[in-house]
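Bear in mind these aren't lab numbers, they're just calculated from the coordinates by the rules spelled out. Here the structure is a predicted model, which means the values were calculated and not measured. Neighbour counts run over all protein chains shown; Cβ positions are idealised from the backbone, glycine included.
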Amino acid sequence: MDALYFRVSSDRQTVENQFEDVIQAAERGGVDGRDWNQLRQALANCILAEQRSAGVGPSRPLYRLRPEAAAELTRQCVYVEQGESGRTEGRRPLFERMKRDAVTHKFDRLLVWKVSRLGRDMREVISTVYELDDLGITVIPIKSKTGPITSTLGKLLWAIQAWYAEMENGERSEAIKAGQARARADGKHLGRPKRVFDREEVVGSGMKNICPGRRSRAELLLELERW
C-alpha cells in the first residue's frame, strides 16, 4: 500500500497544489485498488480557505485544515499538514504519526511531492529516508530525481537533493528577513494590524458587565490610563 504525505509550512500557501501530482503517481502504481476519485474528493474537502483582511489593501486567503477530514484521511495513510513548519521539533504531528504507522507496516511506499517536504535540512531528510528504509519502506519524491538509498547512485542523488532543499529553504528565509528589515526601515508596520479602540465605548461596555457598586466609571478610566 502507498502512503501519501503532503505539507506546506505557511497558512498563506495551500497544500492543494501538491495533491494531483502525487495522486497520479500513486494511481500509476495501481497496486492497492483504491478509489482515486473518492480520494481526490476527500482531499479537496479537507482544506478550508478563509479571507482575512490585511488592514491595508485587499484581503488575502488563509488556508486551514478541517480536522475531521484530516483524521479520516490519516486512517487511509494519507497525511495532510497545512501550515506546519518543520523548523521546530514536534510541530509536524502527522509526520510523526506517519512514522509510527511505518513501524507497524501499514504501508510499503511513501510518496511525497518533493524532497523538501520531508524536512528543512539535509540531516533530517537523509535521517528520515534511512529510518524508513530500515523498515522496508521506499520513499518516492515525485518532483525530485532520486533512487534507492541503498545504492551508490541513490545515496549521491539523495544527498544532492537534500542539500538543494536545505539551500533553497535557507535562501527563502534570508529573503524574508531582508524584506522585513527593509519594511521596518521604511516605517512599515509588520504583523497583524493594530486595533483601534474607542475608550468611551470600552468603558461603557465594561460598566455593563460589572456588578453595581463593584467598580466605578472613574476606576475603569484609571485602569485604562495604566494600560
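Here are a few things to note about the model shown:
- Across region 139-156, computed HN-Hα scalar couplings (Karplus, 6.51 cos²θ - 1.76 cosθ + 1.60, θ = phi - 60°) run 9, 10, x, 5, 9, 10, 7, 9, x, x, 5, 7, 8, 4, 5, x, 4, 5 Hz from first to last residue, x flagging Gly and Pro.
- Amide hydrogen neighbours beyond the local backbone of Leu111, cut-off 5 Å, H modeled: Ala3, Leu4, Tyr5, Ile140
- The GluC sites (Glu not before Pro) found in region 60-149 that occupy coil by DSSP, while having at most 15 further C-beta atoms within 10 Å, are Glu89.
- Likely footprinting exposure, Asp35, Asp21, Asp101, Asp2, fewest C-beta neighbours within 10 Å first: Asp35, Asp21, Asp101, Asp2
- For Glu81, residues with placed amide H under 5 Å, excluding near neighbours: Phe6, Arg7, Val8
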